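Below is one structure, written out as structure tokens, with a few remarks after it.
Readers should treat all values here as calculations from the given coordinates under stated rules, not as data from a laboratory. For clarity, every value in this text was computed on a predicted model and none was experimentally measured. Don't worry about glycine lacking a Cβ; one is built from the backbone with ideal geometry, like all the others, and counts go over all protein chains shown.
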Amino acid sequence: MAISNSEIADLFDELADLLDIEGENPYKVRAYRNAARIIRGLPCSLAEMVADGEDLTRLPGIGERIARKIETILRTGRLPQLEQALARTPPTLLQLLRIDGLGPKRVKALFSTLDVKTLEDLERAARQGKIRHLPGFGPKIEELILRHLDQALEGERRYLRFEAEGIANALIAHLRQVLGIDRIEVAGSYRRWKETVGDLDILVTVCGDSPVMDRFVAYEGVAEVLSRGTTRSSVRLRNGMQVDLRVVASESFGAALQYFTGSKAHNIEIRTLAVKQGLKINEYGVFRGETRVAGEEESDVYACLGLPYIVPELREGRGEVEAAQQRQLPKLVTLADIRGDLHAHTRETDGRDDLETMALAARALGYEYLAITDHSRRVTVARGLDEKRLRAQMAAIDTLNDRLEGITLLKGIEVDILENGRLDLPDSVLKDLDLRVCSVHYRFNLSKRKQTERILRAMDNPYFNILAHPTGRLINKRRPYAVDLPRIMAAAKERGCLLEINAQPERLDLNDEHCLMARDLGVKLVISTDAHTATGLQLMRYGVAQARRGWLEKDQIVNTLPLAQLRQVLART
DNA sequence: GCCGTTTTCGGCCCGACTGTTTTCAGTCG
């Protein structure tokens, strides 16, 4: 089994952390971290690139030395420099870095003076009051360590963006009640629509002397105030999420929004470009010498560099700056482009609402069509449909379509792909449907080869339209099953089958990287909510955001088509 | 360790906040 990109990136990150503690040249440390980040974001595997004889030093951030190290890792599974570092410095020190307020310098000091190697050592030293006497430490830091010890045990928690949205909206409503708030925006990975966020960065502009900071730290959900300043404060909420509030002047709002939206990789590219043009960018504005040339609006920051506006979803350092320079940014699909939803359940299986409620909700969203796709019989826990019940539902849909204006319900099914690659209902009934959404719900643990062949065999069925939630992952709950997606995408393209971007916030499956892969391979996709309630149809925006993060345009998303054209695609002709 | 329209050496994004200091180092984002 070839070594994956993320495994290689992990080795470089670990090496970077250890060298950081050892006090190695910080730019060398950064070079390793930078390389790890680049490697994680690569669209293809390093193992294949090396096998194909490609020159790794052509990748940004990968020079001669790191390229050789990657080849060593791929050949031997080991990174000698890391093993040497591990022999010098106990790996348990890495856990200490996870504690807020402990960085490489303090960890090194704790290790070299008090022989603190583990979290247990750290707790003991802190309780014995030994830490406060170290140079550069003091009682406050000792106390902070004790308070944050549990963080290192928990590990980094990331929240679904959907959860964060509820938290952010409540907090914004709380802040809005204070006088003097003008603009307010959540920046960070939240604004880039990453599927999960680690914390919230909120920016506000205020008129005059607003007590917004007081209001912020007094929020009822605050468990701990981490810092409190005039322009920045940080709190930890009772649910563990950290929230930063920054007060910026209105003439700097755009620059601050740009800066705090990130990503880090994107900002480094933008700033490097600015330096080349004799400009300096910080969160206060764009400066030529002492003169501010932009800052109030985010788009002006890009305009100063001669760039068109780059939407937050693209700001991941995946070539968007170069594309902007060449005027080749994609025209991303938008929510308004979506003409219908092709995956929805009713109370006939595990949904909550009936046909008509779902239809009316879809019509209220301005849709032209909605596919009803309840489960097939194999999904017994959802009371999946057999042929008889499915035919009854089809008749009910015909009746409702006759009666309803302004929306067409499509007769569909979410049919299970059985372990042998057959579909869970006979072709005799599948052929009478408008579309078939096909999915894997059982036997996730097959080998990659078997899982892939199972799905490819299912695609051989002429009635296979859409592969639903293609990797089966549930964010923070269930890992994706092993499957050869490039092969499945190539097969889908060849046969006229489609892949789904499932918009459920805990699925978002395909993910953004897969969307990029689909874009490169030219396979067509659909964005579907998999709604189990009428309000669930509103989650479409999450699927659209994921598609946008994957650089997808309208013409690659089939449910942007009018119904007549959609039917042609579904006919697989 | 990477990189090059200041090109093979000497830079490397940059500012806020905290705590421990008395001018700054460490951490964080």
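The table that follows gives values for the structure above.
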| read-out | value |
| --- | --- |
| Approximate shape of the range A:5-154 as ellipsoid semi-axes (Cα gyration tensor, √5λ), whole Å, largest first | 36, 13, 13 |
| The range A:335-570 - Rg and Dmax from Cα coordinates, angstrom | 16.2, 48 |
| Amide N of the range A:85-112 lying under 20 Å from the label point, which is placed 7 angstrom from the Cα of A:Glu123 along Cα→Cβ | A:91-103, A:107, A:110-111 |
| Cross-link pairs beyond the 23 Å C-alpha cut-off, checked among A:Lys105/A:Lys140; A:Lys194/A:Lys554; A:Lys280/A:Lys331; A:Lys388/A:Lys448 | A:Lys280/A:Lys331; A:Lys388/A:Lys448 |
| Length added when fully stretched, A:Glu163-A:Ala571, from 0.36 nm per residue minus Cα-Cα | 143.0 nm |
| Unit charges on C-beta of K, R, D, E only; dipole of chain A, Debye | 920 |
| Calculated P(r) of chain A - Cα pairs past 37 Å, % | 43 |
| Relative contact order (%) - criterion: Cα under 8 Å, at least six apart; region: the range A:399-514 | 22 |
| Where chymotrypsin sites (Phe, Trp or Tyr not before Pro) fall in DSSP loop in the range A:389-474, at most 15 other Cβ within 10 Å | A:Tyr442 |
| Mean Cβ neighbour count within 10 Å, used as a protection proxy, ranking A:449-462, A:212-225 highest first | A:449-462, A:212-225 |
| Neighbour-limited loop hits for chymotrypsin sites (Phe, Trp or Tyr not before Pro), the range A:120-210 (at most 14 other Cβ within 10 Å; DSSP other than H, G, I, E, B) | none |
| Sparsely packed trypsin sites (Lys or Arg not before Pro) within the range A:318-394, loop by DSSP, other Cβ within 10 Å at most 13 | A:Arg327, A:Lys331 |
| At 1.306 mPa s and 10 °C, Stokes diffusion of the range A:83-200 via Kirkwood alpha-carbon radius, µm² per second | 94 |
| Reachable aspartates and glutamates from A:Lys117, criterion Cα separation under 14 angstrom, eight or more residues apart if same chain | A:Glu22 |
| Between the range A:351-421 and the range A:181-219, the Cα center-to-center distance that results, in Å | 41 |
| Relative packing of A:508-518, A:260-270, which averages over residues the other C-beta atoms within 10 Å, highest first | A:508-518, A:260-270 |
| Contour excess over end-to-end distance, with Cα ends at A:Cys44 and A:Leu521 and 0.36 nm allotted per residue | 170.5 nm |
| Ordering of A:429-440, A:44-55 by packing [mean C-beta count within 10 Å, highest first] | A:429-440, A:44-55 |
